[in-house]
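Participant: Encoded as structure tokens, here's the structure I'll be asking about.
Nothing in this text is a laboratory measurement; each read-out follows from the coordinates by a stated rule. Bear in mind that the values here come from a model prediction, so they are computed numbers and not experimental data. Glycine gets a Cβ as well: all are built from the backbone with ideal geometry, and neighbour counts include every protein chain shown.
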Amino acid sequence: MCRKALPLAITLCCFCLVVVGQELTLDERLAKHYEALGGLDAIKSVNSRRLTGRMTMSPGMEAPITVQFKRPMKLRVDFTVQGMIGSQAYDGETAWMMMPFLGQTTPGKLLAEQAKNLIRQAEFDGPLVDWKEKGHQVELVGLAQFEGKDTYKLKIIQNDGAVLYHYLDSGSFLSVGQAGKVVVQGADVDFKSIIGEYKDVSGLYLPHSFENRQGGAATGQKITFDKIELNIDIADEVFAMPQ
């Protein structure tokens with residue numbers, strides 16, 4: 001019986017060695033992630049984005065929203081509530097906002113911690129593209145479940161020290177979520193962002209829905225984009241704080 005069992009044991013050992021040998025490295029996983037989005041060259045060929053859609057403010061209440069990006073670090077978000085337009089923006093130097101429905105009828109600079117949150121969002125390609133050059137650190141944590149999906153969990157230590165966990169679908173290598181902490185009224189609050197509804201946009205495969213949850217809530221604010229435009233003309237003045 002021992003002699004019969006030996007070949008099987010050798011076969012299983014060889015199989016384990018093959019599986020281990022086929023395990024992808026972090027760089028190989030990221031390469032598959034870039035390819036799933038449409039390829040690194042195509043990603044870097046985009047210099048501006050405009051996303052238009054709607055944001056769920058509360059059950060039954062939606063607000064039109066427009067988000068504009070310009071390489072390398074410009075961002076503006078505008079949304080309409082009760083006929084009034086609220087804005088948050090970063091022009092590469094100054095982060096500012098204006099929220100008339102909250103009584104702030106003139107634009108003002110964001111506080112330091114609020115500005116950090118917005119500046120991180122302004123990173124045009126996100127933290128995974130050229131992460132070494134940007135001064136981020138990326139580590140492969142391993143396999144993890146995220147909202148019922150098998151994913152590769154990545155730990156990102158951003159160049160400002162913030163820690164972000166990023167989840168890549170283990171089959172498609174597309175981003176399905178992020179988690180970390182965000183500063184709200186001076187306190188660190190856990191957040192989770194669920195990413196989905198990928199569609200082809202001029203050869204790139206881009207997500208069209210984001211659900212942001214805070215403090216362990218089962219549901220959160222959902223943003224759905226109906227239209228994404230790439231490489232459109234957006235003047236730098238769009239992002240600058242009005243004087």
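Participant: Helix 2-22 versus the longest principal axis of the chain: what is the Cα-based angle in degrees, 0 to 90, to the nearest 10?
Facilitator: Orientation of helix 2-22: about 30 degrees from the principal axis.
Participant: So for region 109-151, what percent of the C-alpha to C-alpha distances run longer than 15 Å?
Facilitator: For region 109-151, the share of Cα pairs beyond 15 Å comes to 62 percent.
Participant: Sticking with this structure for a sec: How large are Rg and Dmax for region 89-160 when calculated on the C-alpha trace, in angstrom?
Facilitator: Cα radius of gyration and Dmax of region 89-160 are 16.6, 47 Å respectively.
Participant: DSSP loop (so not H, G, I, E, B), at most 12 other Cβ within 10 Å: list which chymotrypsin sites (Phe, Trp or Tyr not before Pro) in region 107-212 pass both filters.
Facilitator: none
Participant: Below 15 angstrom from the Cβ of E62, what's the summed charge of the other residues (Lys, Arg +1; Asp, Glu -1)?
Facilitator: Spelling it out: positives minus negatives among the neighbours equals -1.
Participant: I'd like the Karplus ³J(HN,Hα) series for region 128-143: coefficients 6.51, -1.76, 1.60, θ = phi - 60°, whole numbers in Hz, and an x wherever there's a Gly or Pro.
Facilitator: Once θ is set to phi - 60°, the couplings for region 128-143 become 8, 8, 6, 5, 5, 5, 7, x, 7, 10, 10, 10, 8, 7, x, 6 Hz.
Participant: Given the C-alpha atoms of region 27-239, compute the convex hull and give its volume per residue in Å³.
Facilitator: 131 Å³
Participant: Determine ³J(HN,Hα), in whole Hz, for all residues of region 109-125 in sequence, where each value follows from phi through the Karplus function 6.51 cos²θ - 1.76 cosθ + 1.60 and θ = phi - 60°; x replaces Gly and Pro.
Facilitator: In residue order, the calculated couplings are 5, 6, 5, 3, 5, 5, 4, 4, 4, 6, 4, 4, 5, 6, 4, 4, 9 Hz.
Participant: Tabulate in residue order the Karplus-calculated ³J(HN,Hα) for region 216-224, using 6.51 cos²θ - 1.76 cosθ + 1.60 with θ = phi - 60°, rounded to whole Hz; enter x for Gly and Pro.
Facilitator: For region 216-224, the Karplus curve yields x, 5, 6, 9, x, 7, 10, 10, 10 Hz.
Participant: For T105 and V238 in the same chain, what is the full-extension length gain: residue separation times 0.36 nm, less their Cα-Cα distance, in nm?
Facilitator: Additional length available on full extension: 46.1 nm.
Participant: Grab the other residues whose beta carbon is less than 13 angstrom from that of V176, score K and R as +1, D and E as -1, and report the net.
Facilitator: Charge balance in the 13 Å sphere: -2.
Participant: Would you calculate the separation in nanometres between label points at D41 and L26, each defined as 7 Å from the Cα along the Cα-to-beta-carbon direction?
Facilitator: 2.7 nm
Participant: Based on the inverse mean of 1/r over its pairs of different Cα atoms, what is the Kirkwood hydrodynamic radius of region 17-121, in Å?
Facilitator: With all distinct Cα pairs of region 17-121 included, I get 16.7 Å.
Participant: Which GluC sites (Glu not before Pro) does region 106-152 hold that lie in a coil by DSSP with at most 15 other beta carbons within 10 Å?
Facilitator: Sites meeting the loop and neighbour criteria: E147.
Participant: Show which lysines lie in cross-link reach of K70 when reach means a straight Cα distance below 19 angstrom and same-chain residues fewer than eight apart are skipped.
Facilitator: K44, K116, K134, K227
Participant: For region 27-239, what does the relative contact order come out to in percent, with C-alpha contacts under 8 Å and a separation of six or more?
Facilitator: Across region 27-239, relative contact order equals 20 percent.
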